[in-house]
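**Student:** My structure is below; once you've seen it, I'll send some questions.
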């Protein structure tokens, strides 16, 4: 498997490429190696965070330039013999959000023309100057060979290092996006909302009085028209905080306060 030096004793890689949690060793570019422990992993991106305390690695430099379609993309990996291997292509598309399962999503992903076979999973994709623009995933996310932008990968890893896993907000509802005819919006200007189809007993939304059949319109002033919209708003900084939830119930607009919980690890 291939990894990227995040800090002198921290390596990030793909959880799928890792395959196991014990007996892991990290080999540095100079051939030295050391035992590593799994600190945690990020279920949204599938990135695993390893600590190799006996190594002193040179952290990778991430690109500070916004990646654009047409930019050079160079996936780099180590073969099973520790030989350096590379592929070449260009950035073909930039999109998102991409649902990755279990209520998780990546707000942005990159597609490249360079082949990304399994050996590249967890390795860097570099620009022409050798700076990391993203982390290769092979086909681990919904069967797609995508690249996780470096800024997003680094942010997720920082949360894993702080909490053992990234903190994700949780309301305890399931919903589906709906379009609101003009005569059914109450005094609201939103033309879309999220219809609540299930409420988790004992969850934050249930405690605040959210009911099946309510239509969520906004959270803290940010419009909600789909499940993805809600997931993007349930960020780590909102966990434990009271947020204003605007909803439509029986043709009338209401606003209630909900304290955002933390999504369970399962």
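The values are calculated or read from the model by the stated rules, or taken from the named source; none is laboratory data. As the structure is a computational prediction, the values presented were derived from the model and not from experiment. Using ideal geometry, Cβ is built from the backbone for each residue, glycine included, and neighbour counts are taken over all protein chains shown.
**Student:** Considering each of 76, 12 in turn, give the residue that is over 26 Å from residue 263 (Cβ atoms) and modelled with pLDDT of 85 or more. Give the derivation first.
**Tutor:** On the way: 12 fails: over 26 Å from residue 263 (Cβ atoms).
Unique residue meeting the criteria: 76.
**Student:** Working carefully through the options 211, 194, find the one that is in a strand (DSSP E or B), in contact with a strand residue (DSSP E or B) (Cβ under 9 Å, 6 or more places away or on another chain) and within 20 Å of residue 184 (Cα to Cα). Even if it seems obvious, please write down each step before you answer.
**Tutor:** Working: 211 fails: in a strand (DSSP E or B).
So the residue among 211, 194 that is in a strand (DSSP E or B), in contact with a strand residue (DSSP E or B) (Cβ under 9 Å, 6 or more places away or on another chain) and within 20 Å of residue 184 (Cα to Cα) is 194.
Residue-by-condition table, conditions (1) at pLDDT 90 or above; (2) over 30 Å from residue 160 (Cβ atoms); (3) in contact with a helix residue (DSSP H, G or I) (Cβ under 7 Å, 6 or more places away or on another chain):
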{"position": "241", "(1), (2), (3)": "yes, no, no"}
{"position": "244", "(1), (2), (3)": "yes, no, no"}
{"position": "249", "(1), (2), (3)": "yes, yes, no"}
{"position": "253", "(1), (2), (3)": "yes, yes, no"}
{"position": "260", "(1), (2), (3)": "yes, no, yes"}
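**Student:** Tell me, which residue of region 107-132 that is outside any loop (DSSP other than H, G, I, E, B) and more than 12 Å from residue 92 (Cα to Cα) is modelled with the lowest pLDDT? First the steps, then the outcome.
**Tutor:** Let us first name the residues in region 107-132 that are outside any loop (DSSP other than H, G, I, E, B), namely 109-112, 118-120, 124-126, 132.
If we keep only those that are more than 12 Å from residue 92 (Cα to Cα) too, we end up with 118-120, 124-126, 132.
Details: 118: 76, 119: 79, 120: 86, 124: 94, 125: 95, 126: 95, 132: 95.
Result: 118.
**Student:** Further question: Restricting the search to region 179-190, which residues are loosely packed, with under 14 Cβ neighbours inside 10 Å and without any contact (Cβ under 8 Å) to a residue 60 or more places away in the chain?
**Tutor:** Within region 179-190, 179, 181, 182, 183, 189 meet the criteria.
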